[in-house]
1. May I ask you to derive the relative contact order of the chain, considering only C-alpha pairs under 8 Å and at least 6 residues apart, and to give it as an integer percent?
2. Amide H to amide H under 5 Å from residue 189: which residues, 5+ apart in sequence or cross-chain, H placed 1.01 Å off N in plane?
3. Which net charge results when you count Lys and Arg as +1 and Asp and Glu as -1 among the other residues whose beta-carbon is under 13 Å from that of residue 96?
4. Enumerate the calculated ³J(HN,Hα) couplings along region 200-210 in order (Karplus 6.51 cos²θ - 1.76 cosθ + 1.60, θ = phi - 60°), each rounded to whole Hz, writing x wherever the residue is Gly or Pro.
5. With a/c under 1.5 counting as rounded, go ahead and sort region 158-217 into rounded, prolate or oblate using the C-alpha gyration tensor (a ≥ b ≥ c being the square roots of the eigenvalues; past the cut-off, prolate if a/b is larger than b/c, else oblate).
6. I want the local charge near residue 29. Using Cβ-Cβ distances under 13 Å, sum +1 for each Lys or Arg and -1 for each Asp or Glu among the other residues.
7. If you put +1 on each Lys and Arg Cβ and -1 on each Asp and Glu Cβ, how big is the dipole of region 4-47 around its Cα centre, in Debye rounded to 20?
8. Could you tell me the largest-minus-smallest coordinate of the C-alpha atoms of the chain on each of the three principal axes, in descending order and whole angstroms?
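We did not get these values from a lab; they are worked out from the coordinates using the rules stated. What you see is a predicted model, and the numbers here were worked out from it, not measured in a lab. Neighbour counts are summed over all protein chains in view; Cβ atoms, including those assigned to glycine, are modelled from backbone coordinates with ideal geometry.
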Amino acid sequence: MRKILVIGIGAGDPDHLTLQAVKAIGSADVFFILDKGQEKADLVQLRRDILQRHAGHHRPYRLVEARDPERDRTAAPAAYASAVEDWRRRRADICERLIREELADGECGAFLVWGDPALYDSTLGILEDILARGTVSFDHEVVPGISSVSAMAARHRTGLNRVGRPVHITTGRRLSEGFPADADDVVVMLDAHGAFTRFRDEDLHIHWGAYVGTADEILVSGRLSEVAHRIEAARDEARRRKGWIMDTYLLRRDPDHRGDRDPGRTDD
């Protein structure tokens, strides 16, 4: 039986690897890497550096690369789900071929996943789709990793939730539709267009981080009305310099000043 490891490797800092992740890397025969093009070549190099540091001295391994399919990011909101589904299907086609052709029975292959595989990553869903096709069989195991969310909170020395209160994790696309109801602490990922700017006039505090854990890390924190322009400028400059940006942030408001607060409700 083939075996697949889905290994969370953290938000960018090689020291984010857990001991479990290091052990898993040392047990793999083949590492599959999906290349996102020249603009994000540094992400591939970071993976290579991790393997050189943690896999090269344990046992011989093979590195198999394939080009990650492009996703239609111009699709209208109504077509967003179908665009993502098409991209996932094409990505599954590639991963299925790699597992079938590059991994022999009895060998162990691995996908190195940024952050944590359980949080806004497609790898686990794609492997389930491949297994459902019935064209190749394998066992798989998941190794959790430090997410950009936990790394961002740690760099800002803050917690994600407050006593007795939930934390809401969403995407920039969802945030652009409105601030989540009954939420005071909102973590936002995958925000390509700076959805936080629509709330600059509200009484919110933001902890923002880009490229967290890497040499390019940028951190900004403060009242949103006062620092939104700094974050926008930092995002624009970084995108021009690197060609891409990946940021995560926490929006926080005082529950006692929430406009839709139920006056009869008491907090824990």
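1. Averaging sequence separation for qualifying contacts and normalising by length gives 23 percent for the chain.
2. 170, 171, 172
3. Taking every Cβ under 13 Å from that of residue 96, the sum is +3.
4. Whole-Hz 3J(HN,Hα) from phi for region 200-210: 5, 8, 8, 7, 10, 10, 10, 10, 10, x, 10.
5. Numbers: a/c = 1.78, a/b = 1.19, b/c = 1.49.
Oblate shape, in that a/c is at least 1.5 and b/c is the bigger or equal ratio.
6. Around residue 29, the charge tally is +1.
7. 120
8. Here the Cα extents, ordered largest to smallest, are 62, 42, 39 Å.
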